[in-house]
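Notes follow once the structure below has been shown.
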Amino acid sequence: FSSFLFQSACAFQASLSDGGQIVATLERSDLQENVTAYAAQISGGTRPIIVQFENASELKVKELKVKELKVNASLHGLCYSVSLLLRDGPDGWSKPIRTIPVLTKPLPVRSVHIWDYRESPETGVVFQLQPPGGSVFSRVNISYSEGAEPRYMLYK
């Protein structure tokens with residue numbers, strides 16, 4: 001696979017839309033000679049996926065400034081890695097040229113049930129959370145009050 005020289009001012013960007021989609025943006029300044037296709041590799045979910053920018057060559061020919069692709073995030077509350085890949089022939093994709101982390105927002109918890117822990121009702125409380133499908137939690141911060149006294153717990 002031939003090596004790619006990539007300018008240091010790479011404009012490739014990735015972000016999270018208000019609707020929770022991962023958005024990768026290719027700009028005219030990202031285009032290079034002898035590159036036949038551009039793609040975004042999205043890692044961090046169950047398996048990496050590669051999504052090709054359609055008609056990226058239109059950025060050179062037409063007056064377009066940006067090409068976007070949008071991918072639904074299947075897991076929420078994770079940090080995905082979005083990488084720019086290049087192809088200059090039939091051999092496959094390059095190694096990532098630039099990688100950008102994109103943190104997805106967890107979906108709201110559906111319900112929470114709280115009750116005293118039977119073996120120790122004076123000091124024990126049980127919290128049962130029902131998250132929506134596809135949410136991943138690495139930490140749960142629980143705030144509550146005991147009488148007039150506020151309490152906080154962080155579970156990792």
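What follows is calculated from the coordinates using simple rules that are stated; it is not laboratory data. Quick caveat: nothing in here was measured; it's all calculated off a predicted structure. Backbone-built Cβ (ideal geometry, glycine too); neighbour counts: all protein chains shown.
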Below 8 Å between Cα atoms, with a sequence gap of 6+, how large is the relative contact order for the chain in percent? 19 percent
In order over segment 114-123: 3J(HN,Hα) from phi, Karplus 6.51/-1.76/1.60, θ = phi - 60°, whole Hz, x for each Gly or Pro, gives 10, 7, 5, 6, 3, 5, 8, x, 6, 10
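Dividing the convex hull volume of the alpha carbon atoms of the chain by its residue count, what do you get in Å³ per residue?
Output value, Cα hull per residue: 162 Å³.
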5 angstrom amide H check on Gly44, placed H, neighbours 5+ away: Ser81
Under-5 Å amide H pairs with Arg98, H placed in peptide plane, nonlocal only: Leu84
Along segment 41-55, what does the Karplus equation 6.51 cos²θ - 1.76 cosθ + 1.60 (θ = phi - 60°) give for ³J(HN,Hα), rounded to whole Hz, x for Gly and Pro? 9, 10, 10, x, x, 5, 7, x, 10, 10, 10, 7, 6, 6, 6
Collect residues whose amide H, placed 1.01 Å from N in the peptide plane, falls under 5 Å from the amide H of Phe12; neighbours closer than 5 in sequence don't count. Glu27
Identify all lysines with a Cα-Cα distance to Lys67 below 26 Å; exclude those on the same chain that are fewer than 8 residues away in sequence. Lys95, Lys105
Go through segment 71-151 and name the trypsin sites (Lys or Arg not before Pro) that are in a DSSP coil and have 14 or fewer other Cβ atoms within 10 Å of their Cβ. Arg110, Arg118, Arg139
Among beta bridges that DSSP assigns inside segment 46-156, antiparallel share in %, nearest 5: 95 percent
Which whole-Hz couplings ³J(HN,Hα) result when phi for each residue of segment 30-40 is put into the Karplus expression 6.51 cos²θ - 1.76 cosθ + 1.60, θ = phi - 60°, listed in order with x for Gly and Pro? 7, 6, 9, 5, 6, 9, 9, 7, 10, 8, 10
